[in-house]
Amino acid sequence: MSDVRSPARTAAAKAPPAPEPSLPANLRRNAPLVPTDSAASRALAAVIAILTFLAALCAGAAEIAVSSAGQWQGSVAQEVTVQIRPSAGRDIEADVKRAESLAKDTPGIAGARIFSKAESERLLEPWLGSGLDLSDLPVPRLIALTLARDRNPDLPALRAALVEALPGVASLDDHALWLQRLSTMANTFAGIGIGIVLLVLFATGLAVVFATRGAMAGNREVVEVLHFVGADDDYIAKAFQSRFFRLGLRGGALGAGAALVTCAMAGLLARMWRSGPAGEEIEALFGTFQIGWQGYAMIVLIGVIASLVTAAVSRFTVRRFLR
Amino acid sequence: MSAGMKTGSLLSGAEEPVVRFESVGMRYGLGPEVLSDVSFEIAPHSFQFLTGPSGAGKTTLLRLILLSVRPTRGLVSVFGREVSGISNDALTGLRRRMGVVFQDFRLLDHLTTYENVALPLRVQERAEVSYRAEVVELLRWVGLGERMHVLPPLLSGGEKQRAAIARALIARPELLLADEPTGNVDPSLARRLLRLFMELNRLGTSVVIATHDYGLMDLVEARRMVLAEGRLRVEGP
């Protein structure tokens with residue numbers, strides 16, 4: 001044993017720092033402590049991607065519904081309608097003129113548009129069909145009043161004035177019931193969207209719990225060795241968390257990316273169809289069928305949240321497993 | 001090397017034993033007792049062999065010292081600390097003061113030899129640049145300088161053995177436990193590795209080598225802890 005040199009530790013203790021030894025160019029250093037590339041990892045990334053995609057689409061759809069409802073509310077809330085009913089022995093044209101002048105005199109009313117008899121009859125066409133002679137029917141007449149943006153009109157006073165001037169003939173509809181229903185519907189859509197997103201994130205969390213437990217069982221020897229070489233539970237949990245965060249990031253990015261592309265394509269197709277009659281109907285129902293930058297930001301945020309949920313759940317699961 | 005080489009037993013009366021077993025019994029589940037009434041101490045800076053026939057309980061005794069299993073009865077103290085009910089943090093602290101060479105090496109197959117050897121320093125969250133030179137030098141010393149980028153499945157049995165030993169030594173442990181560390185190497189390398197353990201012992205590390213290689217034990221005049229039928233007998237200085 002005369003050829004035995006001093007062990008490394010004596011050399012490491014010498015005073016001047018040794019020049020850094022040359023390392024092979026292909027030497028891998030600080031590779032992940034938990035093996036990452038496995039069929040289970042790829043499957044989990046795919047599950048996270050699909051769940052993120054579904055959550056992002058739900059969020060996008062809810063955003064479209066809420067913003068469309070907002071547009072409808074905005075346009076409807078800017079108008080009120082005066083209805084004049086025909087009454088025996090009264091001149092309906094004179095009543096309409098009287099109601100219009102009363103409305104125009106009310107502060108906060110920016111404009112009034114009288115629907116002619118022909119226009120009023122045309123409003124009934126969707127229900128009664130076209131080509132009918134409606135002259136014998138007592139069709140009410142409408143006056144659409146546009147509200148000023150800078151001041152609120154005193155609608156109760158206008159309603160009282162109309163009832164006083166034209167008793168039993170005139171009524172004022174400020175669309176409050178319609179607006180309330182619209183608001184309820186928009187809130188319901190938003191609630192359903194949030195609920196589905198939460199459910200999907202919960203499902204993602206559960207998938208990660210099972211995947212983490214599987215990974216822990218599959219890497220039992222790695223965990224044992226890490227313990228023996230002095231790693232504490234937190235360090236091991238971090239190693240698993242880092243692995244699952246990368247998987248979550250990959251899945252989240254894929255899912256959110258696919259959702260972004262889908263929304264962008266849907267917006268593009270909607271713009272292309274808008275010129276046709278079907279496009280007009282779709283636009284009437286769904287507004288512009290486009291999500292704004294908030295929608296895109298929300299989709300990206302869902303991708304990020306899915307990754308963070310993956311990381312947090314895996315860390316929590318590992319800590320529980322090791323306890 | 002001639003027999004009768006003195007090891008560095010530098011126990012002073014004031015120093016606490018590194019390991020103390022008092023009437024320790026151990027059984028797995030409802031099976032028979034693997035260890036019965038085992039009592040001994042491992043002094044600081046001491047060098048000893050743990051020997052006995054296969055199945056005598058050497059590995060179980062090492063696992064008890066490593067705190068990977070708990071005794072069925074009796075008291076185990078490591079570095080002056082009684083280990084029943086020890087917290088996880090304290091357990092980690094004690095393990096960082098030990099180095100261990102497993103009989104089956106326990107190298108992580110997805111990490112290179114270099115990464116495996118650096119593992120005890122890496123889990124202490126030290127910057128890689130701070131230990132790189134040390135790891136490379138130790139790898140070269142154990143003859144793995146050209147194999148540091150190789151994954152363990154591609155190493156021979158002897159190379160794995162040396163990588164496992166290097167991993168146990170790299171953090172300069174106060175206590176080194178080696179389970180059949182020379183079982184897969186040729187006699188010349190076995191002597192060289194033994195010399196390495198002795199050098200380490202001279203620098204202050206307590207060393208316990210579990211082996212049933214009497215040829216190896218005869219090279220060194222050291223205490224022998226002999227396990228037979230679950231009972232421990234201590235021979236030698």
Which FRET efficiency, nearest 0.05, do residue B:229 and residue B:126 yield, Cβ-Cβ r, R0 56 Å? 0.80
Among B:212, B:45, B:110, determine the one that fluctuates most according to a GNM of chain B built with springs between C-alpha atoms less than 10 Å apart. B:110
Starting from the amide H of residue A:109, placed 1.01 Å from N in the peptide plane, find each other amide H under 5 Å away whose residue is 5 or more places distant or on another chain. A:148
Can you give the convex hull volume per residue for the Cα atoms of the protein assembly as shown, as a whole number of Å³? 259
Simple SL model, points at 7 angstrom along Cα→Cβ for residue B:54 and residue A:87; separation in nm is 11.3
Angle between the Cα long axis of helix B:113-122 and the longest principal axis of chain B, 0 to 90 degrees, nearest 10? 60
Value of relative contact order over the stretch A:78-174, rounded to a whole percent, pairs C-alpha under 8 Å and six or more apart: 49
Any idea how far apart residue A:206 and residue A:78 come out in nm if each label point goes 7 Å out from Cα toward Cβ? 4.7
Suppose each label sits 7 Å from its Cα in the direction of the beta carbon; what would the residue A:181-residue A:213 distance come out to in nanometres? 4.9
Computed E for residue A:192/residue B:149 - FRET, C-beta separation, R0 56 angstrom, nearest 0.05: 0.50
Output the 0 to 90 degree angle, nearest 10, between the alpha-carbon long axis of helix B:157-169 and the longest principal axis computed from the alpha carbons of chain B. 70
Just for the Cα atoms in the stretch A:78-174, what are the lengths along the principal axes, largest first, rounded to whole Å? 43, 29, 16
Among the aspartates and glutamates, which have Cα under 16 Å from the Cα of residue A:117 when same-chain residues fewer than 8 positions away are ignored? A:91, A:93, A:95, A:100, A:125, A:133, A:136
Residues with amide H under 5 Å of residue B:101's amide H, sequence separation 5 or more or different chain, H placed in the peptide plane at 1.01 Å from N; which? B:177, B:178, B:179
To the nearest 0.05, how large is the calculated FRET efficiency for residue A:320 and residue B:188 if R₀ is 30 Å and r is the Cβ-Cβ distance? 0.05
How far is helix A:293-322 tilted, in degrees, relative to the longest principal axis of the Cα atoms in chain A, given as a value from 0 to 90 rounded to the nearest 10? 40
When chain A is treated as a GNM, springs tying every alpha-carbon pair under 10 Å, which of A:68, A:242, A:101 comes out with the largest mean-square fluctuation? A:101
Chain B: relative contact order as a whole-number percent, Cα under 8 Å and 6+ apart: 30
With runs of 4+ DSSP H residues as the only contributors, calculate the mean residue ellipticity of the protein assembly as shown at 222 nm using -39,500 (n - 2.57) per run, divided by the residue total and rounded to the nearest 500. -17000 deg cm²/dmol
In order through the stretch A:115-124: 3J(HN,Hα) via Karplus (6.51 cos²θ - 1.76 cosθ + 1.60), integer Hz, x for Gly, Pro: 7, 5, 4, 4, 5, 4, 5, 5, 5, 8
Over the whole of B:167-173, what's the average partner chain Cβ count within 10 Å per residue? Rounded to a whole number, please. 3
Using a Gaussian network model of chain A whose springs link C-alpha atoms within less than 10 Å, name the residue from A:292, A:205, A:252 with the highest mean-square fluctuation. A:292
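We did not get these values from a lab; they are worked out from the coordinates using the rules stated. Treat the numbers as computed from the prediction; the structure is a model and nothing was measured. Note that we place each Cβ from the backbone using ideal geometry, even for glycine, and neighbour counts take in every protein chain shown.
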